[in-house]
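Beneath this line is the structure, given in C-alpha cells, with notes to follow.
The values are calculated or read from the model by the stated rules, or taken from the named source; none is laboratory data. Only a predicted model underlies this, so the values are computations on that prediction, with no experimental measurement involved. We place every Cβ from the backbone using ideal geometry, glycine too, and count neighbours over all the protein chains shown.
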Ligand SMILES: C[S@@+](CC[C@H](N)C(=O)[O-])C[C@H]1O[C@@H](n2cnc3c(N)ncnc32)[C@H](O)[C@@H]1O
C-alpha cells in the first residue's frame with residue numbers, strides 16, 4: 001500500500017516539474033556520488049546526420065574524474081573526455097541539437113528521457129536495473145595491457161617472452177600490436193554484441209599470436225563463453241598451434257588445416273582474417289557475407305589485384321604515373337571498394353588505422369557489422385561502378401566472387 005501511494009506521488013511530482021531538469025538532477029547526483037555507470041544518447045533528430053549515437057562512461061585520467069564521450073559516426077568513432085561541468089554542457093547540447101533520447105544507468109536506477117521533436121514536452125521513465133552494475137573507472141583502460149606476461153604459456157611457446165616471462169628484445173612491437181588488436185576487437189565488437197556465447201573463426205591464423213591472444217583475453221579475462229577456430233593452410237603451423245593450445249589448457253581453441261574459400265563457417269558470429277595476402281582478404285569477406293556473420297574483421301595486405309588492373313586515362317593519370325602514388329591509390333581503391341561492397345551487402349562498415357605505421361606498414365583494418373536496416377544497395381553499387389570506371393578497373397575480385405552464385409558454402 002505504501003509503495004503504491006509512493007508511486008502515485010512520484011508520478012504526480014514527475015508530471016509537475018520539467019522532466020529534462022529531473023533527468024539532469026539525476027545525472028548530477030549520480031556523478032557526484034560515484035553512482036554514474038553509463039549514459040547512452042540516441043535517436044537522431046536528423047535521420048541523415050552522420051553522428052549515430054553517443055555513449056558516455058566515467059574514466060579517471062591522470063587522477064582526474066572525467067566523462068568519456070564516444071561519438072559513433074557512420075564510419076568512425078571519436079572519443080573526447082570532459083570534466084563533469086563541461087560534460088553537462090555537452091550532454092545538453094547533444095540533447096538539444098542532435099538527439100531525442102537519453103538512457104542513464106546508475107548503480108540504483110535506469111532513467112530514460114524521451115524528448116519530443118515537435119513539442120517542447122518530454123517523458124521520463126525510471127526503473128530499477130536488473131543487475132546492479134559495478135562502476136568501473138577505466139583508469140586509462142585503453143592504454144592498459146590486455147595480455148598478461150606472467151605465467152603466460154602461449155607467449156613463451158611463441159618466443160615472445162623468455163623463461164622469466166620477460167618480453168624478448170625484438171618482440172616489443174609484436175606485443176604492442178597484440179594489445180592494440182584486443183583493444184580494437186573489444187571496443188568495436190565485443191562491447192556491442194549481445195550474444196551469450198560466441199563462435200569465432202580466424203582465417204589465415206599463421207603462428208597464431210593474435211588468435212591465442214583473443215581466446216585468452218575473451219575466455220580468461222572477460223570470462224566469455226567463446227569457441228575459436230584458427231584456419232590455416234600450412235600444416236606445420238596448424239600442428240604447432242594445436243600443441244601450444246593443449247599445453248595452455250585452451251579447451252575451446254583449436255586450429256584446422258584448410259583454405260579460406262573452403263572453410264566451413266556454419267554458425268560463426270565473428271569472422272576474422274588478418275593480413276591474408278591480396279585476394280585472400282576478398283575470399284574472407286565473401287565467406288563472412290555468405291555465412292551471414294554478425295561481424296567481419298579484416299586487416300588487408302598486398303593489394304595487387306586492383307593495382308594491376310588500374311588503367312587511368314583521365315586527369316588522375318598525371319598523379320598515378322608516379323609509382324608510389326599509384327601503389328597508395330591502389331590500396332585506397334581496394335579497401336575502399338571492399339568497404340562499399342560490404343555496405344551494399346547490408347553491413348555497416350568502419351575503415352581505420354589499426355596500429356600506427358611505426359609498428360607495421362600493414363595497418364588498415366575494416367570492421368563490418370551486420371545491420372538490421374536495409375542499406376541503399378543500388379545507390380552503393382552505382383557508386384562502386386563509377387569509381388571503377390574512373391580508374392579503369394574492370395572488376396574487383398570480391399565483387400566477382402559475390403557474383404559467382406555457384407559457390408554457396
Ligand atoms: C601474414 S600471415 C598472418 C597471420 C596472422 N593472421 C596475423 O595477422 O598475425 C598470413 C597467414 O595466412 C595463411 N594464408 C594465406 N592465404 C590463405 C588461405 N587462402 N587460406 C588459408 N590460409 C591462408 C598463410 O599461410 C599465413 O600463415
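Just one of the listed residues (49, 87, 30) is closer than 30 Å to residue 343 by Cβ and either in the same structural domain as residue 337 (by TED's automatic domain parsing) or touching a residue at least 24 places away in the same chain (Cβ under 8 Å) (or both), namely 49. Scan the range 266-281 for residues that are in contact with a strand residue (DSSP E or B) (Cβ under 7 Å, 6 or more places away or on another chain), buried (at least 23 other Cβ atoms within 10 Å of the Cβ) and assigned to a loop (DSSP other than H, G, I, E, B) and jot them down. Within the range 266-281, just 268 meets the criteria.
Filtering 200, 285 for residues that are within 19 Å of the chain's Cα centre (by Cα), outside the structural domain of residue 185 (by TED's automatic domain parsing), closer than 22 Å to residue 184 by Cα and modelled with pLDDT of 95 or more leaves a single hit, 285. Taken as a whole, the range 43-62 holds at least one residue that is within 22 Å of residue 106 (Cα to Cα), at pLDDT below 95 and loosely packed, with under 15 Cβ neighbours inside 10 Å.
Among the residues of the range 288-335, those identified as in contact with a strand residue (DSSP E or B) (Cβ under 8 Å, 6 or more places away or on another chain) and modelled with pLDDT of 95 or more are 288, 289, 291, 292, 293, 294, 295, 296, 297, 298. At least 1 residues being within 10 Å of the ligand (Cβ to nearest atom), at negative phi and in contact (Cβ under 8 Å) with a residue 60 or more places away in the chain is the threshold, and among the strands (runs of 3 or more DSSP E) wholly inside the range 180-265 those reaching it are 197-203.
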